Every structure is written in structure tokens, then in C-alpha cells.
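S.K.: I'd like to ask you about the structure that follows.
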Amino acid sequence: MNLIATLAQRNTFRNYRRTFLTVLLIACGLAALIFTDSFVKGMVKTMSNISTQTYLGHAQIHKIGYRASNDVDEYLTDFPRIVELLSLQESVVHFSARTMSGAMLSSSANISSVLLIGVNGESEANVGELDNAMVEGSYLTGNNSELLIGYDLADLLEVSLGDRIVVTVSAAHGGDLSQELFRVSGLFKFNDRTMDNNMAFINLDKSKKLLNIKGVHEVALTLRDLSSADDSSLPLWRALKSETREILNWRELVPQLNSVLEVSDFSTLIVSIIMFSLVALGLINSMFMSIFERHQEFGVLLALGTRPTQIFNQIMTEGMLIGLISAAMGFVLGLGLSVWISVVGIDYGHLEMSGLTINEPIYPVIDISAFVLLSVSIFTITTLSCIYPAIHAARLSPSNAMRKVA
């Protein structure tokens, strides 16, 4: 066995240029797989965080039927009971109640339709990023005349801080129009076109009076961990569901985004299969070239009594040695590239995908266990790829091989 290992090592580096190119091919393939895996995981994490932390929350509670109709009459009348139930759930960290309705904003220069959202400033700051998105003015303090609008919407309405805006809504229980005068107290900028152009915020108590309701339309929740939102065994889901209300996690609230995230995993699998195939074909080609160059050598060995199994083992050992070197080099290259990009990030500007604006850099996620698994997979693929060339070498006829006839 030691002799076979020695011969394999010598023959592997006999044509060092071909061996180097083969190792480089496999190593680069592995590095690309490692980086792809870390980047996709980073993209999924970024998209999930943007979706949930900006405004959505990890889960939301609504009255059954509200999401289908967006009717202001379909509000939660048992909000005190919901607060009581939420206080008993260890998985819930923060929650924020909201009212929501379509509204018309009128300034002296222009008008615009928006989604008017009533929130409690303190609780909303714990669930979303509205307070951090403020670029001018002040956040909600509880004053009934306060109105927060997007920076882009302010340009459309041609208003600035302190300017008056008339808000018109259709009130509940009859649909009568309700109007109120507000002053622009703050401008926000989420760097999301939909939010910056089509959303406005007022204080929760004022919005209830404006809409003539005594409940709320939505309760947004943040959990201890985003992954727990996918845990169907949490007591939270059973405790908050009833005949009149529903609770949905963020994946159910934004199904189109969830579909994109699921497709990303499938895409990684397809890329891996293609890369594994290229690696296998490249190694098979390299091994056959090496065998054809050594036909006469194998013929002499077979004529001197070397068993075919020994020839087979020698070729397999050469392939395993190439695979081991390639896996180690690819692991180092892939890890180094992933770590570097995880520090500097990849900024897509303001890329819109499935209704979501990726407004922050994507940082790859370093998962050593996944990197090791990919490295072992590449090593296994290279080893298995050598079986066919090794069988071919073991079946050579001594007389034909010494005449370099395959």
C-alpha cells in the first residue's frame, strides 16, 4: 500500500502543469460554490430583515376578512383581550397596534392618495424603523395634530415642516367623509418608493376618532428570534387564533417574497449540480490524458505481474490526492472570498425585488459547517469520478498497452 501511495504521489506531480490546472479548476469550482452558498444565505437574511424590521414585524394579528377587503369596519374590537394574551407569551418581545385606512392628503399645491396609519409612537419604535427613518422634524409625541409623511411625498405635495395638510378619510359605520387639519411634524425616508410615496402616519388615538372606531385594524409583533416565526408549535399561534381573528407570520403575510426565498434555495442546488458535473468531467478528462500517456508503463507493470487491482488502486489514489489538495485549496479560497465580502458587502443600490426594495448592502453569511460539507462533497465527487478511468487502466492488455494501443 505504501508503494502504491508513493507511485501515486510521483505520477500526480509528474506533469505538474496539468495537475496544477486540474486542481485549480476544482478549487475554483468549490470556491464558487462556497461563495454562492454564503451569498444566498446573506441575501435571504437581508431580505427577511428588511421585510420584517422596517414595518412588517415577525407576525401580525387581524380580524378575519380584513386583509381581503381592507374595510375600515373590519377592526379588532377585543384589543384589551389581545394585549392580555400577548403579555402571557414568552416568545413575544414587542407589539404595536395600528389603524389603517385609505386617505386623501390635500395641500395648497397638490393632492395625493395615501395609506393613513395610526400608531402609538413608543410601541411602533420597538417594532418598526419609523423613528430611525426620520430625516427632518420630530417623531410622534402624542400631539393630535402631528403628521409624518415621506420625503418624496412632501416634494409631490410641495410642503415642508409646519405646513398644513387636510386629511380626508371615509369613516367606519356608514362611510361618511371625515376631515381633519394636520401639520407636517416630520419627514421620513425608508428608501422604499412605495413607503416614501404612499404612506403617512398619525397618532393612534387621533386616528380612532377620525375613523370613528374603538378598536384597531392590526397588531404587529416582534418575536425573540425571526426563525421562531416559522415554528408552528409555539403556543402563540393557538392562543391568538379565534373565530374572529387570525395571526399570520411574515412568510404568510408576504407570500411573493417567501416564494423568492424558496426559489433561491433551489437555485443553489441547480448551481451545485452544474458545478459538480463540470468538476467531474474535467477530472475524468485529466485522468484519461494521464493514463494514455502511461500506457506503455502500465503494460510493463502488468507484464511483470502487477495485479489489475493494484493499477486500479493507484489511479484511485491519484484521484483522491488531487481531490484532497483541491478541496483544501477551494475551502481556503472560498472562505477567504466570503469573509472579505462579508466585511465590505455588496451594495445593489435600491434594487426592487418582489415588491421589496433592497436598500442596504448584502453581507454573505459564514457557515463553516456548510463549507465543510461542500468541501467533502467535492472530494467525494473527484474520488468517484476516477472510478471509470481506473477501471479502464486496470483492464489494459499488457501487449497492447506496450504498443500504446488502447
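Yes/no per residue for (1) surrounded by fewer than 21 Cβ atoms within 10 Å (Cβ to Cβ); (2) in a loop (DSSP other than H, G, I, E, B); (3) of a type in the set (Lys, Arg):
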residue: LEU181; (1), (2), (3): yes, no, no
residue: ASN197; (1), (2), (3): yes, no, no
residue: PHE201; (1), (2), (3): no, no, no
residue: SER207; (1), (2), (3): no, no, no
residue: ILE213; (1), (2), (3): no, yes, no
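S.K.: Among the residues of region 309-342, which ones are within 23 Å of MET47 (Cα to Cα), surrounded by fewer than 16 Cβ atoms within 10 Å (Cβ to Cβ) and either of a type in the set (S, T, N, Q) or free of Cβ contacts under 8 Å to residues at least 12 places away in the same chain (or both)?
M.R.: Residue satisfying the conditions is TRP340 alone.
S.K.: Would a scan of region 55-72 turn up a residue that is in contact (Cβ under 8 Å) with a residue 40 or more places away in the chain and acidic (Asp, Glu)?
M.R.: No, because not a single residue in region 55-72 is in contact (Cβ under 8 Å) with a residue 40 or more places away in the chain and acidic (Asp, Glu).
S.K.: So VAL219 clears everything in (1) in the same structural domain as PHE79 (by TED's automatic domain parsing); (2) within 28 Å of MET47 (Cα to Cα); (3) in a helix (DSSP H, G or I) except one condition, right? Which one?
M.R.: Evaluating VAL219 over (1) in the same structural domain as PHE79 (by TED's automatic domain parsing); (2) within 28 Å of MET47 (Cα to Cα); (3) in a helix (DSSP H, G or I) leaves (3) as the failure.
S.K.: Could you check region 239-264 and list, in sequence order, the residues that are under 20 Å from PRO80 (Cβ atoms) and among the basic types (Lys, Arg)?
M.R.: Applying the first criterion (under 20 Å from PRO80 (Cβ atoms)) to region 239-264 yields 239-247.
LYS241, ARG245 - these are the residues of region 239-264 that are under 20 Å from PRO80 (Cβ atoms) and among the basic types (Lys, Arg).
S.K.: Here's a follow-up. Would you be able to tell me the number of residues in region 74-84 that are touching a residue at least 40 places away in the same chain (Cβ under 8 Å) and either within 31 Å of the chain's Cα centre (by Cα) or surrounded by fewer than 16 Cβ atoms within 10 Å (Cβ to Cβ) (or both)? Please lay out each step first, then the result.
M.R.: Initial filter on region 74-84 (touching a residue at least 40 places away in the same chain (Cβ under 8 Å)): 74-79, 82.
Imposing the further condition that a residue be either within 31 Å of the chain's Cα centre (by Cα) or surrounded by fewer than 16 Cβ atoms within 10 Å (Cβ to Cβ) (or both) reduces the set to 77-79.
Of the residues in that region, 3 qualify.
S.K.: Using the structure shown, decide if GLU136 is in a helix (DSSP H, G or I), touching a strand residue (DSSP E or B) at 6+ places or on another chain (Cβ under 9 Å) and acidic (Asp, Glu).
M.R.: no
S.K.: Return yes or no: is ASP131 assigned by TED's automatic domain parsing to the domain that holds ALA200 and part of a loop (DSSP other than H, G, I, E, B)? Break it down into steps so the answer makes sense when it comes.
M.R.: Numbers: assigned by TED's automatic domain parsing to the domain that holds ALA200: yes; part of a loop (DSSP other than H, G, I, E, B): yes.
Criteria met by ASP131.
S.K.: Separate question: Taking the residues in region 232-246 that are farther than 21 Å from ASP73 by Cβ and in contact (Cβ under 8 Å) with a residue 12 or more places away in the chain as candidates, determine which candidate is surrounded by the most Cβ atoms within 10 Å (Cβ to Cβ).
M.R.: Initially, region 232-246 is screened for residues farther than 21 Å from ASP73 by Cβ, giving 232-241.
Keeping just the survivors that are in contact (Cβ under 8 Å) with a residue 12 or more places away in the chain gives 234-236, 239-240.
On the way: LEU234: 18, PRO235: 11, LEU236: 23, ALA239: 15, LEU240: 20.
In this case the residue turns out to be LEU236.
S.K.: OK, next. For the condition over 24 Å from SER178 (Cβ atoms), in contact with a His (Cβ under 7 Å, 6 or more places away or on another chain) and at pLDDT below 95, what is the one hit in VAL127, VAL83? Please lay out each step first, then the result.
M.R.: Details: VAL83 fails: in contact with a His (Cβ under 7 Å, 6 or more places away or on another chain).
Of VAL127, VAL83, the one residue that is over 24 Å from SER178 (Cβ atoms), in contact with a His (Cβ under 7 Å, 6 or more places away or on another chain) and at pLDDT below 95 is VAL127.
S.K.: Would you confirm whether any residue within region 253-274 is in contact with a Gly (Cβ under 9 Å, 6 or more places away or on another chain) and of a type in the set (Ser, Thr, Tyr)? Can you show your working first?
M.R.: Applying the first criterion (in contact with a Gly (Cβ under 9 Å, 6 or more places away or on another chain)) to region 253-274 yields 253-254, 256-257.
Adding the requirement that they be of a type in the set (Ser, Thr, Tyr) leaves none.
No, the conditions are met nowhere in region 253-274.
S.K.: Does region 93-101 include one or more residues that are closer than 17 Å to GLN53 by Cβ, in the same structural domain as ALA171 (by TED's automatic domain parsing) and surrounded by fewer than 20 Cβ atoms within 10 Å (Cβ to Cβ)?
M.R.: Start the filter on region 93-101 by keeping residues that are closer than 17 Å to GLN53 by Cβ, which leaves 93-96, 98.
Subsequent filtering for residues that are in the same structural domain as ALA171 (by TED's automatic domain parsing) retains 93-96, 98.
Restricting the remaining residues to those that are surrounded by fewer than 20 Cβ atoms within 10 Å (Cβ to Cβ) gives 93-94.
Yes: region 93-101 contains one or more residues that are closer than 17 Å to GLN53 by Cβ, in the same structural domain as ALA171 (by TED's automatic domain parsing) and surrounded by fewer than 20 Cβ atoms within 10 Å (Cβ to Cβ).
S.K.: Does any residue of region 264-284 turn out to be in contact (Cβ under 8 Å) with a residue 60 or more places away in the chain, more than 18 Å from ASP37 (Cα to Cα) and not in a helix (DSSP H, G or I)?
M.R.: No - not one qualifying residue is present in region 264-284.
The values are calculated or read from the model by the stated rules, or taken from the named source; none is laboratory data. Keep in mind the model is a prediction, meaning the values are calculated, not measured. Counting neighbours? That spans all protein chains shown, and the Cβs are built from the backbone with ideal geometry, glycine included.
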